[in-house]
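Everything below concerns the one structure shown next.
The values are calculated or read from the model by the stated rules, or taken from the named source; none is laboratory data. Just so it is clear, the model here is predicted, and its values are computed rather than measured. Don't worry about glycine lacking a Cβ; one is built from the backbone with ideal geometry, like all the others, and counts go over all protein chains shown. These accessible areas exclude ligands, DNA and RNA; they are computed on the full protein's heavy atoms, side chains included. Shrake-Rupley method; radii C 1.70, N 1.55, O 1.52, S 1.80 Å.
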Amino acid sequence: MFDKFFGRFSRDIGIDLGTSNTLIYVKDKGIVINEPSVVAINARTEQILSVGKEAREMVGKTPPHLIISHPLNHGIIADYEVTEKMLRYFIERVHEESFTLMPRPRVVIGTPLEITEVERKAIEDATLSAGARTVALVEAPMAAAIGARMPIQEAVGNFIIDIGGGTTEIATISLGGIVTWKSIRIAGREMDKNIIQYARDAFNILIGERYAEKIKIQAGSALPLKESIAYPIRGRDLITGLPKEVMATDAQIRDALARSITAIVESVKATMEMTPPELIADIHERGILLTGGGALLRGIDRVITNATGIPVRMADDPLTCVVRGTGILLDDEALLREVTLPSARDV
Ligand code: ADP
Ligand code: MG
C-alpha cells in the first residue's frame with residue numbers, strides 16, 4: 001500500500017557511476033546531472049569543498065591541504081566514504097531540483113563488469129545510505145547496450161565495447177545475459193598518461209593531466225588523418241625548469257597513444273576468441289557497437305574494423321548510453337528484473 005503510494009510520486013533515478021563521469025537520469029525528466037566523478041576535500045576540516053565540475057577545475061592547482069579525489073579508480077570504489085558523499089550530494093541535488101518534498105527514490109545503477117561481491121555491496125550500501133529506497137545493480141555494458149537499443153533479449157550475439165576513463169569493457173550479450181567479457185584497465189586515462197610520458201621522453205616537457213587530456217581530445221587519433229595537424233605541447237621544461245612550448249604532430253601523438261590502442265584491440269580479439277561460433281556469426285553480420293567517451297577518439301572504430309574484419313558503429317552520443325539504459329530500465333520492470341544482478345547484501 002505504502003509502496004504503491006510512494007511509487008506513484010517518487011522520482012526514480014538511474015545512475016552511471018563512471019570513473020570519469022557520473023550521470024543521473026530522472027524519470028520523466030531525462031539526464032539532469034552529467035559531471036566529473038571528482039571531489040575536492042579540505043584535509044584540515046575533512047569537509048567536502050566541491051563536487052563535480054567545480055572540483056575538477058581545481059585539479060593540479062590546489063594548496064597542500066586541499067585533496068582532489070577521484071573516488072572511483074578503474075570503476076571500482078577506491079574510496080568508499082568519498083563515493084558515498086559524492087552520491088549523496090548528487091542525489092540530494094536531484095531532489096532539490098524537483099521542488100516538492102519527494103519520497104526516497106528507486107535507483108538503478110550501472111556498475112563495472114569486474115567487480116567483487118564486496119565492491120558490489122559497497123556500491124549498494126553507498127547508494128542506500130545516500131538516500132535510495134531500493135537499489136538495482138546492472139552491468140554497465142548491459143545498460144549501455146540497452147541505452148543503444150540493441151536487441152539484447154533476443155537469441156542473437158550483440159558485441160559491445162565501452163571505452164571509458166578507467167576501464168575498457170568488452171562484452172557479448174545474448175538472451176538478456178553477458179556471455180563472454182573482458183575488462184582491462186586501459187582506457188581514456190591511460191591514454192592521457194601515454195601523452196604525459198611521450199612529452200617527457202620526446203620533448204623533455206612535464207605536462208599536467210588535464211592538458212594531456214586536452215591534447216588527446218583535440219589532436220589524438222588512432223589512424224592517420226586526412227589532413228595532418230599540429231598541436232602545442234605546453235608545460236615545464238624538465239632541464240631548465242621554465243615554461244616551454246613545442247609543436248607536436250598528429251603522428252607523434254598517435255605514436256604516444258599506440259600502446260593503449262593496441263592493448264584495446266588485442267582484448268577485443270581475445271574476447272572474440274572466447275565467444276561461441278554461433279554468436280560470432282551474428283556479430284559478423286550485425287557489427288560491433290562502440291560506446292563510452294573513448295569511442296570518440298578519431299579512427300578507433302576503423303582500427304577495430306581493420307583488426308577484426310567486422311564493421312564497427314559508434315553509438316549515438318556514446319557518453320550517455322549507460323545512463324540512458326538505466327532510464328529505459330526504470331520504465332521496464334520486466335527487463336529490469338531480467339538484467340539486475342543479485343544483491344550482495346543478502347549474502
Ligand atoms: P567513465 O564511464 O569511465 O566515466 P566516460 O565514458 O565518461 O568514462 O569517458 C570518459 C573518457 O572519455 C575520458 O578519459 C575522456 O578523456 C574521454 N574522451 C571524451 N571525449 C573524447 C574525445 N573526443 N576523444 C577521445 N577521448 C575522449
Ligand atoms: Mg562508463
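Among the residues of segment 165-209, just one is of a type in the set (S, T, N, Q), under 17 Å from Tyr231 (Cβ atoms) and within 13 Å of ligand 1 (Cβ to nearest atom), namely Asn194. Of everything listed in (1) in contact with a Leu (Cβ under 6 Å, 6 or more places away or on another chain); (2) open to solvent by 50 Å² or more (accessible area, probe 1.4 Å), the single unmet condition for Arg210 is (1). In the condition set (1) open to solvent by 30 Å² or more (accessible area, probe 1.4 Å); (2) modelled with pLDDT under 95, Gly166 is compliant with all but (1). Taking segment 304-347, which residues are in contact with a helix residue (DSSP H, G or I) (Cβ under 6 Å, 6 or more places away or on another chain) and of a type in the set (Ser, Thr, Tyr)? The one that is in contact with a helix residue (DSSP H, G or I) (Cβ under 6 Å, 6 or more places away or on another chain) and of a type in the set (Ser, Thr, Tyr): Thr326. The numbered conditions (1) under 30 Å from Thr127 (Cβ atoms); (2) open to solvent by less than 40 Å² (accessible area, probe 1.4 Å); (3) not in a helix (DSSP H, G or I) are all true for Leu335 except (3). The condition of being among the acidic types (Asp, Glu) and within 16 Å of ligand 2 (Cβ to nearest atom) holds for only one of Asp317, Asp250, Asp255, that being Asp317.
Those residues that are touching a Phe, Trp or Tyr at 6+ places or on another chain (Cβ under 9 Å) and either open to solvent by less than 20 Å² (accessible area, probe 1.4 Å) or of a type in the set (A, V, I, L, M) (or both), I need them from segment 124-149; list them, please.
Start the filter on segment 124-149 by keeping residues that are touching a Phe, Trp or Tyr at 6+ places or on another chain (Cβ under 9 Å), which leaves 125-126, 130, 133, 139, 141.
Across segment 124-149, the qualifying residues are Ala126, Ala130, Pro141.
The residues of segment 8-49 that are more than 14 Å from ligand 1 (Cβ to nearest atom), under 22 Å from Thr134 (Cα atoms) and among the hydrophobic types (A, V, I, L, M, F, W, C), listed by number, are Phe9, Ile13, Val26, Val32.
Looking only at residues of segment 192-233 that are in contact (Cβ under 8 Å) with a residue 40 or more places away in the chain and of a type in the set (Val, Ile, Thr), we find that the one that is nearest to ligand 2 (Cβ to nearest atom) is Ile217.
Residues in segment 1-18 that are surrounded by fewer than 24 Cβ atoms within 10 Å (Cβ to Cβ) and either at pLDDT 90 or above or out of contact with any Asp or Glu (no Cβ under 9 Å at 6 or more places or on another chain) (or both): Met1, Phe2, Asp3, Lys4, Phe5, Phe6, Gly7, Arg8, Phe9, Ser10, Asp12. Look at segment 7-18: where a residue is among the charged types (D, E, K, R) and assigned to a loop (DSSP other than H, G, I, E, B) and a partner is open to solvent by 20 Å² or more (accessible area, probe 1.4 Å) and modelled with pLDDT under 95, sitting 6+ places away or on another chain with Cβ atoms under 6 Å, you get Arg11/Lys27; Arg11/Met102; Asp12/Lys27; Asp12/Arg106.
Here's the yes/no breakdown for (1) touching a residue at least 60 places away in the same chain (Cβ under 8 Å); (2) buried (at least 17 other Cβ atoms within 10 Å of the Cβ):
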site	(1), (2)
Lys27	yes, no
Asn34	yes, no
Val38	no, yes
Asn42	no, no
Ile48	no, yes
Met58	no, no
Lys61	no, no
Ile67	no, no
Ile77	no, yes
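Under 6 Å by Cβ, and 6 or more places apart or on different chains, what pairs join a residue from segment 321-332 that is at negative phi with one that is away from ligand 2 (no atom under 12 Å from the Cβ) and in a helix (DSSP H, G or I)? Qualifying pairs under 6 Å: Gly325/Ile146; Ile328/Ile146; Leu329/Leu336. When Thr262, Thr240, Thr249 are checked against the criterion of being farther than 25 Å from Ile184 by Cβ, without any contact (Cβ under 8 Å) to a residue 24 or more places away in the chain, among the β-branched types (Val, Ile, Thr) and open to solvent by 70 Å² or more (accessible area, probe 1.4 Å), a single residue qualifies: Thr240.
Check segment 267-281 and report whether any residue there is more than 19 Å from Ala155 (Cα to Cα), crowded, with 18+ Cβ neighbours inside 10 Å and of a type in the set (A, V, I, L, M). Yes, because at least one residue in segment 267-281 is more than 19 Å from Ala155 (Cα to Cα), crowded, with 18+ Cβ neighbours inside 10 Å and of a type in the set (A, V, I, L, M).
Checking the structure you have, find out if any residue of segment 293-304 is surrounded by fewer than 21 Cβ atoms within 10 Å (Cβ to Cβ), more than 16 Å from ligand 2 (Cβ to nearest atom), small (Gly, Ala, Ser) and under 21 Å from the mean Cα position of the chain (by Cα). Scanning segment 293-304 turns up at least one residue that is surrounded by fewer than 21 Cβ atoms within 10 Å (Cβ to Cβ), more than 16 Å from ligand 2 (Cβ to nearest atom), small (Gly, Ala, Ser) and under 21 Å from the mean Cα position of the chain (by Cα).
Would you say Gly220 is among the small types (Gly, Ala, Ser), surrounded by fewer than 19 Cβ atoms within 10 Å (Cβ to Cβ) and within 16 Å of ligand 1 (Cβ to nearest atom)?
Values: among the small types (Gly, Ala, Ser): yes; surrounded by fewer than 19 Cβ atoms within 10 Å (Cβ to Cβ): no; within 16 Å of ligand 1 (Cβ to nearest atom): yes.
No: the conditions fail for Gly220.
Any idea which of Gly325, Gly309 is among the small types (Gly, Ala, Ser) and open to solvent by 30 Å² or more (accessible area, probe 1.4 Å)? Sole residue among the options that is among the small types (Gly, Ala, Ser) and open to solvent by 30 Å² or more (accessible area, probe 1.4 Å): Gly309.
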